[in-house]
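Chemist: Dropping the structure in here first, questions after.
Derivation of every value follows stated rules applied to the coordinates shown; laboratory data play no part. Since we're looking at a predicted model, the values are computed, not measured. Here the Cβ positions follow ideal geometry from the backbone for every residue, glycine too, while neighbour counts run over all protein chains shown.
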Amino acid sequence: MSGTQPGETREHPGAALSISHVKKSFGETGVLRDISLSIKPGEFVTIVGHSGCGKSTLLRLLAGLDQPDHGDITLDGAPMRLANREVRLMFQEARLLPWMTVLQNVGLGLTGDWQPRARTILRQTGLESRAGDWPAILSGGQKQRVALARALVGQPRLLLMDEPLGALDALTRMAMQELILQIWRAQKFTAILVTHDVQEAVALADRVIVLERGAIGQELAVPLSHPRDIGSPEFAALEGSILKRLLRQH
Amino acid sequence: MPSDSKLLAGNLAVARKAAAPKPNLLAFARIAGARSLPWLLPVALFAAWYVSTKYGFIDPTFLPAPGDVLSGFQQVSQTGELWNDLAISTGRALGGLAIGGGIGFALGILNGLSPLSAKLLDTTLQMLRNIPILALIPLAILWFGIGESAKLFLIALGVFFPVYLNTYHGIRNVDAGLVEMARTYGLRGPKLFFQVIFPGALPSILVGLRYALGIMWLVLIVAEMVSASSGIGYMTMNARDDMQTNIVVLGILIYALLGKLADLFAYGLERRFLRWHQTYAKPR
């Protein structure tokens with residue numbers, strides 16, 4: 001369904017994203033004040049910031065769920081729109097349809113012979129044995145893994161994640177981070193993760209963006225190779241500098 | 001330390017073994033007791049009924065003995081009167097349910113999906129809801145006479161409101177997060193309705209149906225008792241005029257049975273269509 005049409009040549013499975021002078025207000029409050037950002041195909045970017053800094057709003061604009069008041073967002077040069085097959089969004093909650101089985105949830109919106117593909121992606125996320133179960137009996141981590149499988153089954157070129165691991169316990173969280181990284185490296189899509197967890201941001205990203213009151217406060221490249229050692233001095237230095245910046249604001 | 005904890009675990013196991021009941025008989029008796037507990041009161045009431053009529057504590061004109069009710073049943077079932085009246089009553093009930101429930105369901109979905117339609121109709125419907133349905137009986141007789149239309153009208157009106165209100169409420173309260181998610185996956189129109197909105201509203205719709213089934217029998221009974229020349233209600237009122245108390249009690253028991261059947265039907269629908277819902281996943 002996604003991806004490459006026959007005869008079309010594409011340099012990279014990931015999409016290039018360009019955000020230029022984007023502004024968004026709700027009523028009198030300016031939530032995003034002039035954001036410009038350019039993201040390379042296949043790049044993993046994390047956005048950190050205090051609650052209310054506008055990070056979720058930015059992600060909703062990127063998903064086409066809301067429209068910016070000002071400025072442009074383009075995906076490979078084309079304007080962003082809702083229900084674009086090349087873009088998938090993972091929410092804070094799994095948002096699985098309770099009346100569909102795990103497999104049916106993964107196949108949501110797919111047409112044609114989708115079942116083999118859905119089973120393959122469930123195997124990759126380690127939930128093949130739960131394909132026939134109702135979502136109600138899954139744990140929080142399993143639900144988010146189904147949501148991840150649902151997002152990835154159409155091979156999106158841009159994966160947006162709005163704190164999808166926020167509600168999980170520490171161990172499940174780390175396993176999920178590992179899973180996301182592993183699939184990202186295999187499929188090479190462009191990834192943007194919003195989080196308030198600085199360690200998570202540094203562990204996953206090629207580039208960390210600190211959002212402060214609706215503007216980009218800091219951009220920081222993470223030059224460490226995977227797998228990253230969260231105990232190493234380099235990692236700690238990066239994490240420390242972001243934390244210091246975030247704490248200074250308050 | 002490890003040896004200590006092992007010792008403790010060993011002690012616990014011994015203690016548990018000692019505390020366990022020796023034969024399974026006790027456990028069996030406990031389960032059987034728990035199963036039969038809900039039936040204790042009905043059986044006791046029936047026994048009291050039987051004993052008090054048999055030994056003449058109660059005048060059989062007021063409350064006939066269980067045996068009299070049974071012979072009354074044989075009498076009306078042999079003449080075919082019972083089956084004829086039962087078929088007529090059931091037909092009225094289901095006809096009214098189909099008309100009123102159908103309109104209520106359609107309007108509930110329409111108003112749930114279209115804010116314009118809801119603005120136009122909902123206030124009016126909410127006002128009409130406050131009219132006690134049985135107060136309309138004289139008017140219904142004036143309009144439709146004592147024929148079938150009056151009873152169909154009353155039943156249809158009675159079941160309309162629970163079906164309408166719960167369908168509307170169910171559609172309006174579908175998790176907006178799920179709808180938003182489905183939109184990002186490209187679901188629109190009929191697909192969005194049948195895969196997300198309707199299943200999300202279904203628990204509420206079935207609650208409405210269950211209420212409607214209760215109201216259906218209630219309105220039917222009253223309508224048949226007030227104005228009818230056939231049906232279980234007519235049979236009962238006719239028997240009262242002839243002082244056949246056993247037939248009156250039989251009629252009441254039949255109504256109770258029909259109500260229970262309707263309830264089981266609604267429960268079956270919930271078990272079938274809400275399997276995904278944790279409340280209905282387990283047997284009651």
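Chemist: Go ahead and collect, in residue order, the members of segment B:73-105 whose backbone nitrogen is under 19 Å from a label point 7 Å along the Cα-Cβ direction of B:LEU139.
Modeler: It comes to B:100-101, B:104, nothing else.
Chemist: Determine the gain in length on full extension of the stretch A:ARG123-A:ASP72; use 0.36 nm per residue of separation and subtract their C-alpha separation, reporting nm with one decimal.
Modeler: Length difference between fully extended and current span is 14.5 nm.
Chemist: For A:ILE47, what residues show an amide H to amide H distance below 5 Å, using hydrogens built from the backbone and excluding near sequence neighbours?
Modeler: Under 5 Å from the amide H of A:ILE47 lie the amide H atoms of A:LEU193, A:VAL194, A:THR195, A:ILE209, each far enough along the sequence or on another chain.
Chemist: Return the average number of partner chain Cβ atoms within 10 angstrom of each residue Cβ along peptide A:84-93.
Modeler: The shielding value for this peptide is 2.
Chemist: OK, next. Taking the number of other C-beta atoms within 10 Å as the exposure measure, put B:LEU218, A:LEU62, B:LEU116, B:LEU253 in order starting with the fewest.
Modeler: Fewest to most other Cβ atoms nearby, the residues stand as B:LEU116, B:LEU253, B:LEU218, A:LEU62.
Chemist: Whole-Hz ³J(HN,Hα) for each residue in segment B:193-207, computed from phi via Karplus 6.51 cos²θ - 1.76 cosθ + 1.60 with θ = phi - 60°, x for glycine and proline: what do you get?
Modeler: Along segment B:193-207, the couplings run 5, 7, 9, 10, 5, 5, x, x, 8, 4, x, 5, 4, 5, 4 Hz.
Chemist: Taking the 0 to 90 degree range and rounding to the nearest ten, how far is the long axis of helix A:140-152 tilted relative to the main principal axis of chain A, both from C-alpha atoms?
Modeler: Roughly 80 degrees between the two axes.
Chemist: I've got another one for you. Checking the table B:LYS151/B:LYS260; A:LYS143/B:LYS191; A:LYS24/A:LYS188; B:LYS151/B:LYS191; A:LYS55/A:LYS143; A:LYS23/B:LYS119 against a 27 Å threshold on Cα-Cα, which pairs fail? Write out the running numbers ahead of the final one.
Modeler: Details: B:LYS151/B:LYS260 22 Å; A:LYS143/B:LYS191 23 Å; A:LYS24/A:LYS188 30 Å; B:LYS151/B:LYS191 39 Å; A:LYS55/A:LYS143 23 Å; A:LYS23/B:LYS119 35 Å.
From B:LYS151/B:LYS260; A:LYS143/B:LYS191; A:LYS24/A:LYS188; B:LYS151/B:LYS191; A:LYS55/A:LYS143; A:LYS23/B:LYS119, over 27 Å: A:LYS24/A:LYS188; B:LYS151/B:LYS191; A:LYS23/B:LYS119.
Chemist: Determine the distance separating the Cα centre of segment B:74-149 from the Cα centre of segment A:36-54; give it in Å without decimals.
Modeler: 59 Å
Chemist: At 222 nm, what value in deg cm²/dmol follows for chain A if DSSP H runs of at least 4 each add -39500 (n - 2.57) and the sum is divided by all its residues, to the nearest 500? Before the final figure, lay out each step's value.
Modeler: Working: 7 runs with 77 residues, N = 250.
Helix contribution divided over all residues of chain A: -9500 deg cm²/dmol.
Chemist: For segment A:36-42, take each phi angle, set θ = phi - 60°, evaluate the Karplus expression 6.51 cos²θ - 1.76 cosθ + 1.60, and give the result in whole Hz per residue in order, putting x for glycine and proline.
Modeler: 10, 7, 10, 10, 7, x, x
Chemist: Need one value for B:182-190: mean number of C-beta atoms belonging to other chains within 10 Å of its residues' C-beta atoms.
Modeler: Details: counts 5, 5, 15, 10, 10, 3, 3, 0, 0.
Partner-chain Cβ atoms within 10 Å, mean over residues of B:182-190: 6.
Chemist: From Cα pairs below 8 angstrom and at least 6 apart in sequence, can you work out the relative contact order of chain B, rounded to a whole percent? Don't skip to the end; give the middle numbers.
Modeler: Values: 269 pairs, mean separation 59.1, N = 284.
Rounded, it is 21 percent for chain B.
Chemist: Quick one: order B:TYR267, B:TYR234, B:TYR55 by neighbouring beta-carbon count within 10 Å, fewest to most.
Modeler: On the way: B:TYR267 14, B:TYR234 18, B:TYR55 8.
Least to most surrounded, the residues fall as B:TYR55, B:TYR267, B:TYR234.
Chemist: Order A:135-142, B:59-66 from most to least packed using the mean count of other Cβ atoms within 10 Å.
Modeler: Numbers: A:135-142: 16.1, B:59-66: 14.0.
Ranking the peptides A:135-142, B:59-66 by packing returns A:135-142, B:59-66.
Chemist: Averaging sequence separations of C-alpha pairs under 8 Å and six or more residues apart, then dividing by the length of segment A:94-155, give the relative contact order as a whole percent. Provide the component values of the computation, followed by the final result.
Modeler: Details: 74 pairs, mean separation 30.4, N = 62.
Once normalised by length, the contact order is 49 percent.
Chemist: Compute, for segment B:69-281, the length of the dipole vector about the Cα centre, with Cβ point charges of +1 (Lys, Arg) and -1 (Asp, Glu) only. Units Debye, rounded to 20.
Modeler: 840 debye
Chemist: Beta carbons within 10 angstrom, averaged per residue: use that to sort the peptides A:96-105, B:160-169, highest first. Can you show the working numbers first?
Modeler: Working: A:96-105: 20.9, B:160-169: 24.0.
Descending packing order for the listed peptides: B:160-169, A:96-105.
Chemist: On to the next question. What FRET efficiency would be calculated for the residue pair B:ALA87, B:ASP241, taking the C-beta separation as r and a Förster radius of 22 Å, to the nearest 0.05?
Modeler: Numbers: r = 23 Å, r/R0 = 1.03.
Result of the calculation: an efficiency of 0.45.
Chemist: Another question about this same structure. Quick one: go through segment A:120-147 and flag any residue whose amide nitrogen is under 13 Å from the point 7 Å out along the Cα-to-Cβ line of A:ASP169.
Modeler: A:139-142
Chemist: What is the distance, in nm, between label points placed 7 Å from the Cα along the Cα-to-Cβ direction at A:ALA136 and at B:ASN173?
Modeler: With each label placed 7 Å out from Cα toward Cβ, I get 1.6 nm.
Chemist: Using a cut-off of under 15 Å, list every residue of segment A:142-160 whose amide N is near the label point 7 Å from the Cα of A:ALA186 along the Cα-to-beta-carbon line.
Modeler: A:145-146, A:148-156
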